[in-house]
Each structure stands twice: as C-alpha cells, then as structure tokens.
Amino acid sequence: MKIRFIFLLGLVPFFLPLTSNAQDNDLGIWYAVDINHKINDEFSFDLTPTIRTGENASTIKKWFLEPRISYKHGSHLSYAALYRINQNLDSDGNYHWMHSYMLDIKGSVTISNVGAQLRARFQHERKPYERELNEFKPANETRIRLKVDCDIPSTSLNTYVASAFIIPINDGDNVAIKKIRYICGLDYKISDNHAFSLEYSYQANQITGASENIFSLKYAVKL
C-alpha cells in the first residue's frame, strides 16, 4: 500500500512544467461548494456555486452556478449534462452574463486503492452581450482530462494528480491546444456526507504564453 502511495506522489513532478518561459504569471484562488443528491443507483444531481479570483487573488474574475445531472452506466462508464450561468469579468472591465453548456463522458477503472479516470467534455459558450456589439461568436471547446488517484490506507485522505487539455473547435486561432492544466490535489472525507478538497493547478495558455497558479478549495455535501 505504501509503495503505491509513494509511487503516485512521485508522478507529481512529471505533471508540473517549467515556468521560466511564461510571459505573464498570475495567481488565482477558486472557491466552490458541491451539493450532491443521489436520485437512484444510476442518476444523481449536483448544484455547484463557484467563485474564481485572479490578479493575485485580488479580483473576482468569474462566478457561476452550475447544475449537473449525471448517469452512471455500469461500473466503468458515466455521462453528465451541465449548464453554467456565469458572471464573467471581460476585457472591457465590466461583468457580463455568459452561458455554458457541457456534455461529459468519463471512463474509470480501479485496481486496489489506485484509480484512473479519463474524461472528455464538449463545451459550448455564449456571451449574449456580444450581440449588441455585433461581435457574437459562440465558443466551442473539447476538454480532455486524465486523472490518477490513490486512497491513503487507514486514513480518510485521497490524493491525485491530473492533466487537462483545452482544445478549441473552429475558433480561428489555428492551434491544436489552447490551454494545458497540470493538477495535484488532496480530498479529505470528513464523514459519509461531507468532504473537503484542496487542489493546486498550473495553467499554461498556449496562445498568449501567459500562465496561472491556481489554488482551489471545495466543500462537498451529500443530501
């Protein structure tokens, strides 16, 4: 058991890139609460309010409310449909409404106390205010995330590493990958219905060269 845990921690450096070439480096803190309700053995519903800060965690860059319906198909495959209503700080210095629609498909496998998940997400975003500026341009993206996690024996802790790739679809930038995230985190199970997560992400923008260090705090509750 200890060997698996040490092996997983040893993977972390491979998920953290060199940052010396970044033109702009920012710090953000993301706060979220995940409220989950299990409808039956196959279906569940989540509601997740989130606040995301940037500019050295001094400014709210985005806040949103995200309902999600998930369907579990057997032991290794699941699907989810998500809607996100956002207030987003745009380049004009004002907050604007934005709507995001997402579809997920996720495959997972667990061997002993080590698990692996591969998730593909299609995301469609709309900014209604752009219609008024005659700049309306819906954004489509595919997001791929690979995650490996490990339950620490005799504790309520789960640690994980992950990498995520944001791939634009027909946006005119002519890039294969828009952003890359390298992630490591820790989940702590307080009780059967309550948990807390702490996560660090390094996000690199492949178009602008900017990067962001992101710390995420999430409280999860099951109703």
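Just so you know, all these numbers are worked out from the coordinates, no wet-lab data involved. Note that the coordinates shown come from a computational prediction; the quantities given were computed from them, not determined experimentally. Note that each Cβ is placed from the backbone with ideal geometry, even for glycine, and that neighbours are counted across all protein chains shown.
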For this session: May I ask for the distance between the Cα centers of the stretch 156-170 and the stretch 34-93, given as a whole number of Å?
Result: 15 Å
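Taking a quarter of the surface of the Cα convex hull of the stretch 23-94, what do you get in nm²?
Working: hull surface 27.0 nm².
That works out to 6.8 nm².
What shape does the stretch 56-124 take by its C-alpha gyration tensor, where a ≥ b ≥ c are the square roots of the eigenvalues and a/c under 1.5 counts as rounded, a/b above b/c as prolate, and the rest as oblate? Walk me through the intermediate numbers first.
Numbers: a/c = 3.65, a/b = 2.11, b/c = 1.73.
Here the stretch 56-124 falls in the prolate category.
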For this session: Run the quick spin-label model on ALA120 and ASN94: label points 7 Å from Cα toward the beta carbon, then report their separation in nm to one decimal.
Result: 4.0 nm
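Compute the Rg to Rh ratio over the stretch 34-191 from the alpha carbon atoms, using the Kirkwood formula for Rh, and round to two decimal places.
Numbers: Rg = 17.8 Å, Rh = 17.9 Å.
A ratio of 1.00.
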For this session: Quick one: plug the Kirkwood hydrodynamic radius of the stretch 160-223 (C-alpha pairs) into Stokes-Einstein at 20 °C, 1.002 mPa s, and report D in µm²/s.
Result: 157 µm²/s
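Among LYS38/LYS178; LYS106/LYS189; LYS178/LYS222; LYS62/LYS189, which pairs are too far apart, with a Cα-Cα distance over 31 Å?
Numbers: LYS38/LYS178 35 Å; LYS106/LYS189 23 Å; LYS178/LYS222 34 Å; LYS62/LYS189 28 Å.
From the list (LYS38/LYS178; LYS106/LYS189; LYS178/LYS222; LYS62/LYS189), the Cα-Cα distance tops 31 Å for LYS38/LYS178; LYS178/LYS222.
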Problem set entry | Extended-chain gain in nm, criterion 0.36 nm per residue less alpha-carbon gap, TYR188 and VAL33 | 54.4 nm
Exercise. What's the FRET efficiency of LEU223 with ILE169 using the Cβ-Cβ distance as r and R₀ = 45 Å, to the nearest 0.05?
Worked result: 0.80
Exercise. Over the alpha carbons of the stretch 27-68, what is the largest minus smallest coordinate on each principal axis, giving the biggest first in Å?
Worked result: 42, 13, 11
Problem set entry | Residues in the stretch 95-128 reached by a label modelled at THR142 [backbone nitrogen below 17 Å; 7 Å Cα→Cβ] | 102-107, 118-125
